[in-house]
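J.: Would you mind keeping the following structure in view while I ask a few things?
The values are calculated or read from the model by the stated rules, or taken from the named source; none is laboratory data. Here the structure is a predicted model, which is why all the values come from computation and not from measurement. Quick reminder, even Gly has a Cβ in these numbers, built from the backbone with ideal geometry, and neighbours come from all protein chains shown.
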Amino acid sequence: MSDAAPDARLLARVDVAPGLAFFRLGLSTPLEPREPGGPRFVPGQYITVGAIAPDESLVRRPLTLTDASADGLEVELLLNRVEGPATAHPLSHLLFTLAPGAPLFARPVATGRFTLPDTVGAWAGRVLLVASETGLAPFLAMARYAPQADLQRLTLLHAVDDAAHLAARAELEALGLDYRPWLLPEAGPLDGVAEALAPTLAAPLSPEHTQVLACGLGAHLEAVTRALFPRGYVPAHRRLRKALGIPLEAPAALHLEQYDAARLFAHGLAIGPDGRVDSGGA
């Protein structure tokens with residue numbers, strides 16, 4: 001068993017649907033900013049959280065914050081109970097077994113570069129956020145903390161396979177951003193997202209007018225990449241750029257954050273005659 005002393009606790013769990021919930025954690029030490037003198041938390045960042053497994057091992061994982069209190073002593077997470085987990089004791093399963101007050105472990109340092117400042121930077125155009133399932137977490141934080149002027153230039157597409165998984169839907173609809181629920185497969189696979197969305201967006205779906213951030217499962221990120229590459233979207237992902245022969249200095253307009261362990265385009269990459277990116281030379 002780990003000799004580390006618990007330095008956090010579970011305050012509450014708010015269920016959205018079976019196996020999907022918001023978790024509120026209390027920290028013993030206030031959340032620390034990534035940069036000295038900076039904000040405690042930049043939307044899109046994560047902290048490392050841990051719990052004791054049944055075999056008494058300490059299981060730690062980086063988890064994206066959806067919210068943080070002003071004093072940095074409380075944080076919120078959005079998690080689902082992973083099906084077919086890659087490890088014997090996935091942290092999400094452990095957290096769903098805990099009652100309020102249960103001890104946890106946390107490294108109270110907000111870190112990560114999947115933030116608006118670190119991706120689109122000073123970009124003043126439209127931003128399309130594409131979330132699959134709990135890939136909503138960084139975008140929910142961004143929407144909650146964005147100034148009104150920035151909210152008005154955000155479009156958020158949340159892709160889920162069950163309408164009950166549209167977490168925070170009422171809140172997002174009330175915030176003032178362009179919110180688009182996307183049901184799989186009723187609304188269609190994410191490969192078709194560009195064709196479906198482009199005619200309805202406030203600005204053309206092109207790198208010159210709209211930058212894209214996508215977060216979620218690897219298969220969904222592959223689909224988004226396939227949909228947007230023919231429109232001139234260069235991914236920021238270094239391995240994909242190298243595989244596609246794109247110079248590392250070429251400006252990126254597609255920013256990806258993966259939530260599962262699958263390797264993106266694990267079977268190789270090929271560009272078809274229509275300009276689409278496919279795996280395995282398909």
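J.: Give the residue, chosen from Val59, Val82, that is in contact with a Gly (Cβ under 7 Å, 6 or more places away or on another chain) and over 19 Å from Leu129 (Cβ atoms). So that I can check it myself, show each step before the final result.
T.: Details: Val82 fails: in contact with a Gly (Cβ under 7 Å, 6 or more places away or on another chain).
Step by step, each of Val59, Val82 is checked, and only Val59 is in contact with a Gly (Cβ under 7 Å, 6 or more places away or on another chain) and over 19 Å from Leu129 (Cβ atoms).
J.: May I pose another question? Mind checking which residues of the stretch 97-115 are over 20 Å from the mean Cα position of the chain (by Cα) and part of a loop (DSSP other than H, G, I, E, B)? Give the steps one after another, and end with the answer.
T.: Residues of the stretch 97-115 that are over 20 Å from the mean Cα position of the chain (by Cα), as a first pass: 97-105.
Passing the criteria: Thr97, Leu98, Ala99, Pro100, Gly101, Ala102.
For every residue, the table says whether it meets (1) surrounded by fewer than 18 Cβ atoms within 10 Å (Cβ to Cβ); (2) of a type in the set (Val, Ile, Thr); (3) within 30 Å of Arg238 (Cβ to Cβ); (4) assigned by TED's automatic domain parsing to the domain that holds Leu166.
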site	(1), (2), (3), (4)
Pro39	yes, no, yes, no
Ala51	no, no, no, no
Asp55	yes, no, no, no
Gly72	no, no, no, no
Leu98	yes, no, no, no
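J.: How many of the residues making up the stretch 110-119 are within 18 Å of Leu63 (Cα to Cα), among the β-branched types (Val, Ile, Thr) and either buried (at least 20 other Cβ atoms within 10 Å of the Cβ) or out of contact with any strand residue (DSSP E or B) (no Cβ under 7 Å at 6 or more places or on another chain) (or both)?
T.: The qualifying residues number 1.
J.: Give the stretch 49-77 a look and list any residue that's within 21 Å of Leu256 (Cβ to Cβ) and either in contact with a Pro (Cβ under 6 Å, 6 or more places away or on another chain) or not in a strand (DSSP E or B) (or both), or say none.
T.: Once the filter is applied, which keeps residues that are within 21 Å of Leu256 (Cβ to Cβ) and either in contact with a Pro (Cβ under 6 Å, 6 or more places away or on another chain) or not in a strand (DSSP E or B) (or both), the stretch 49-77 yields only Thr64.
J.: Still on this structure: How about the stretch 1-16: which of its residues are of a type in the set (A, V, I, L, M) and at pLDDT below 95? Quick ask: steps written out before the conclusion?
T.: Initial filter on the stretch 1-16 (of a type in the set (A, V, I, L, M)): 1, 4-5, 8, 10-12, 14, 16.
Met1, Ala4, Ala5 - these are the residues of the stretch 1-16 that are of a type in the set (A, V, I, L, M) and at pLDDT below 95.
J.: For the stretch 120-152, name all the residues that are of a type in the set (D, E, K, R) and buried (at least 19 other Cβ atoms within 10 Å of the Cβ).
T.: First, the residues of the stretch 120-152 that are of a type in the set (D, E, K, R): 126, 133, 144, 150.
If the condition is that a residue be of a type in the set (D, E, K, R) and buried (at least 19 other Cβ atoms within 10 Å of the Cβ), then Arg126, Glu133 are the ones that fit.
J.: Would you check which residues across the stretch 257-268 are assigned to a strand (DSSP E or B) and touching a strand residue (DSSP E or B) at 6+ places or on another chain (Cβ under 6 Å) and list them? Steps first, please.
T.: Residues of the stretch 257-268 that are assigned to a strand (DSSP E or B), as a first pass: 257-258.
Within the stretch 257-268, just Glu257 meets the criteria.
J.: Would you mind telling me which numbered condition in (1) over 30 Å from Ala163 (Cβ atoms); (2) surrounded by fewer than 14 Cβ atoms within 10 Å (Cβ to Cβ); (3) not aromatic (Phe, Trp, Tyr) Arg60 fails?
T.: Exception for Arg60: condition (2).
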